[in-house]
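The values are calculated or read from the model by the stated rules, or taken from the named source; none is laboratory data. On a predicted model such as this, the values are computed, not experimentally measured, just so you know. All Cβ positions, even for glycine, are placed from backbone atoms using ideal geometry, and neighbour counts span all protein chains on display.
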Amino acid sequence: MDYRRYCFRREEYIRYGLEAAGLSMVIAFCFYNSPVALILGIPVAFWYFREKRKKLSERRKAALKLQFKDAVQGMAAALAAGYSVENAVRETGRDLRMIYEENADMVQELAAMQRRMDSNQTLEEAMRDFAERSGIPEAETFAEIFTMGKRSGGDLIEIMEDTARTIAQTVETERAIAATLGVIAPSLVIIMIIAAFISNFIELSFVSSAFAGIRACVCVLIGSAVVKLAKKSLVDKGAIAIAAVVFVLSLFTSVSPVLLVVVAGAIGIVLKGGKGEKK
């Protein structure tokens, strides 16, 4: 199996075909409000299929990478226990069957390596073949180092442990990036959707009425926050005077808010700078 390419199964073709058709219809009616625009949605369907194939391929490769890490760790443990390299592969295959399903990709690959070794092919050839088909850079690097180490009598246990640590660090980094994007992406998507559809829906009477109510609510919430902040901040005549002057200037002039903040801070230092707080 070539893990660099993903082939849809028949049920996946049906499922994603329906999803692509639905997406095209939504875009056609929301942005163009015309059934004729469905024709323009055909490229969207092809784009959806391509992106879905890419996503599924990346997901399969990510799962394979984790399974490969476990396989390398298992072979290192078997070698440390005194097994030969070939028997370590067989032992690791049995161990992975207890961790993953029988049809897991790495379980099948280890079984294929065993069959090739039974046919008098070398483990190095089987490992290089898997690495080339996997599309995993760490697997390709491991296959090269493993081949050189086995031929030159290198420390295969250390090679395998280093490979497993490298893959683990890579996976952790990818997960951290995915977690960060998972926090940011939903808000960004929601904003983009609202921005895309608001122009079409704002003309509807019930939407305009809803926004009128929302604006009134926001004004009350802001006012409530201002009142709570004023109770804590306007505690003397100086603070009240500063607030009154800033309010008048911001309301009836075009003075920069930044300048108002700086000047108010300077006045606060002049009025209270030498008094300090009582302990």
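What to note about this one:
- Residue list for the range 1-21, filter: part of a loop (DSSP other than H, G, I, E, B) and among the aromatic types (Phe, Trp, Tyr): Tyr3, Tyr6, Phe8
Let's see how each residue does on (1) farther than 15 Å from Met75 by Cβ; (2) surrounded by fewer than 16 Cβ atoms within 10 Å (Cβ to Cβ); (3) at pLDDT below 85:
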{"residue": "Leu96", "(1), (2), (3)": "no, no, no"}
{"residue": "Glu102", "(1), (2), (3)": "yes, yes, yes"}
{"residue": "Glu109", "(1), (2), (3)": "no, no, no"}
{"residue": "Met113", "(1), (2), (3)": "no, no, no"}
{"residue": "Phe142", "(1), (2), (3)": "no, no, yes"}
{"residue": "Thr147", "(1), (2), (3)": "no, no, yes"}
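- Verdict on Ala131 being crowded, with 16+ Cβ neighbours inside 10 Å, touching a residue at least 24 places away in the same chain (Cβ under 8 Å) and closer than 22 Å to Asp105 by Cβ: no
- Restricting attention to the range 48-100, the residues that are part of a helix (DSSP H, G or I) and farther than 24 Å from Lys150 by Cβ add up to 20.
- Scanning the range 135-151 for residues that are part of a helix (DSSP H, G or I) and in contact with a Leu (Cβ under 8 Å, 6 or more places away or on another chain) yields Phe146, Gly149, Lys150.
- Scanning the range 116-128 for residues that are farther than 21 Å from Asp155 by Cα and hydrophobic (A, V, I, L, M, F, W, C) turns up at least one hit.
- Members of the range 152-170 that are over 18 Å from Ala131 (Cα atoms), out of contact with any helix residue (DSSP H, G or I) (no Cβ under 6 Å at 6 or more places or on another chain) and in a helix (DSSP H, G or I): Ser152, Glu158, Gln169
- Condition check for Val248: modelled with pLDDT of 85 or more and β-branched (Val, Ile, Thr): yes
- Qualifying residues in the range 239-257 (those that are polar (S, T, N, Q) and not in a helix (DSSP H, G or I)) - the one nearest to Ile269 (Cα to Cα): Ser256
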